[in-house]
1. Where residues in segment 57-80 are farther than 18 Å from Phe340 by Cβ and assigned to a loop (DSSP other than H, G, I, E, B), which of them is nearest to ligand 1 (Cβ to nearest atom)?
2. Name the residues in segment 270-294 that are buried (at least 17 other Cβ atoms within 10 Å of the Cβ) and not in a loop (DSSP other than H, G, I, E, B), would you?
3. For segment 196-209, check the following and say yes or no: at least one residue is within 12 Å of ligand 1 (Cβ to nearest atom) and either assigned to a helix (DSSP H, G or I) or in contact (Cβ under 8 Å) with a residue 24 or more places away in the chain (or both).
4. Does Phe191 satisfy being crowded, with 22+ Cβ neighbours inside 10 Å and either within 13 Å of ligand 1 (Cβ to nearest atom) or farther than 27 Å from Asp244 by Cβ (or both)?
5. Are any residues in segment 327-354 of a type in the set (Gly, Ala, Ser), modelled with pLDDT of 95 or more, assigned to a loop (DSSP other than H, G, I, E, B) and more than 21 Å from Leu155 (Cα to Cα), and if so, which ones?
6. Name the single residue that is farthest from ligand 1 (Cβ to nearest atom) among those in segment 120-139 being closer than 18 Å to Leu67 by Cβ and surrounded by 20 or more Cβ atoms within 10 Å (Cβ to Cβ).
7. Exactly one condition in (1) part of a strand (DSSP E or B); (2) more than 14 Å from ligand 2 (Cβ to nearest atom); (3) touching a helix residue (DSSP H, G or I) at 6+ places or on another chain (Cβ under 6 Å) is not met by Gly152; state its number.
8. Take the residues in segment 81-102 that are surrounded by 16 or more Cβ atoms within 10 Å (Cβ to Cβ) and more than 15 Å from ligand 1 (Cβ to nearest atom); name whichever of them is farthest from the chain's Cα centre (by Cα).
Amino acid sequence: MSELADGPVRLGMVDAPGQPTPSDALAELYRGFERELLVPLWTEIGDLMPARPRSKAVPHLWRWDALLKLADQAGHLVPVGRGGERRAIALANPSLGGRPFATPTLWAAIQYLMPGEDAPEHRHTQHAFRFVVEGSGVWTVVGRDPVPMNRGDFLPQAGWNWHAHHNAADHPMAWIDGLDIPFQYQTEAQFFEPGRDTIGEDERGTPARSRSERLWGHPGLRPLSGPAARSGSPLLRYAWDDTDRALADQLALAEEGFPGVVEPGHAAVRYSNPATAGDVLPTIRAEMHRIRPGSETAPRRQTGSAVYQVFDGSGRVTVGDRSWSVGRGDLFVVPSWVAFSAVSQASASDSDSGALDLFTFSDAPVFEALGLDRTQTEGIEA
Ligand code: GTQ
Ligand code: FE2
């Protein structure tokens, strides 16, 4: 049986179909290849050109309680400032060599700011977003526009925008960052620039809405003041109230007998760029799913990888051959071409809608742009 998946096969006699008969002459040929730094296709093809995706990442779950506790410890021990830039602690997929990569393309981290703290201004080519699972009191300043961060808010921030964060509250605050750091690492096309060490007094305001929302945050209304200047969404905050209402309306419509939900008991929205109706970031797609208690999603798998965070409610999620009971804040990874499904199980401690609300982000825009997107929904073993 040939199993060529794990790393390059050392040149030598390979026990796989279609291999030549071992001989002294063959050994000499392979030594010649090694000497001249050549590798033949026939020893590598199973790894290089598999019949279907075999992700190097594995499904994995991180508990929010554990993350939060360690982030708080870091808050007391690790300063935030120039150099380290951010008190951000990344999920490291257990099969990606200890690198801070949740998946081969996606970075997911918990970021923590103590009361009154500032994270210094910088910019980078990496595309980013923030998502807030609990708390409030931090403003992120993107291109000198202070943007509030409250529970359920989603804040996309396309590459090369100047940004800093400041905690105006009297308590620490945590949120998650999603970036395309692992993807851009592979592209070898990253740039990074430090900005001002402190933001201006005029940027320390704590407005309830950012200027970007005042300009772009009106459903179906596009300002005539000109095109969006950014490579991603010009809208810097998608407030929870709007997301919540969209999901509640979808479920209510279905109950009234009208179409709207993606499948019974399952409402979903994609955060989209109001200037293009496309994804919010060139490399990252983000969505919020709401699954009614007692409902479940059909198993599906697709190319590209995703990270999920339970925003609210509880349930059981299945990723390939792994399955976990999950609750608020828990994060898990769905590698490429690994089946995912979820069951919503209301528990007494759940608040809000009682449903299982799942925030998710993926690298889907990259795969779609390259014609590598593929989805399977039929014939997947549950
Ligand atoms: O907040 O600017 O998790 O630049 C990783 C890199 C957060 C940020 C991260 C970053 C940031
Ligand atoms: Fe950053």
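1. Once the filter is applied, the top-ranked residue is Val80.
2. Correct list: Ser272, Asp279, Arg285, Ala286, Glu287, Met288, His289, Arg290, Ile291.
3. No, segment 196-209 contains no residue that is within 12 Å of ligand 1 (Cβ to nearest atom) and either assigned to a helix (DSSP H, G or I) or in contact (Cβ under 8 Å) with a residue 24 or more places away in the chain (or both).
4. no
5. Gly327, Ser336, Ala339
6. Among residues in segment 120-139 that are closer than 18 Å to Leu67 by Cβ and surrounded by 20 or more Cβ atoms within 10 Å (Cβ to Cβ), the one farthest from ligand 1 (Cβ to nearest atom) is Val133.
7. Unmet for Gly152, out of (1) part of a strand (DSSP E or B); (2) more than 14 Å from ligand 2 (Cβ to nearest atom); (3) touching a helix residue (DSSP H, G or I) at 6+ places or on another chain (Cβ under 6 Å): (1).
8. Checked segment 81-102; the qualifying residue farthest from the chain's Cα centre (by Cα) is Leu96.
The values are calculated or read from the model by the stated rules, or taken from the named source; none is laboratory data. Every value quoted in this text rests on a predicted model; they were computed, and no experiment measured them. Cβ: placed from backbone, ideal geometry, glycine included. Neighbour counts: every protein chain shown.
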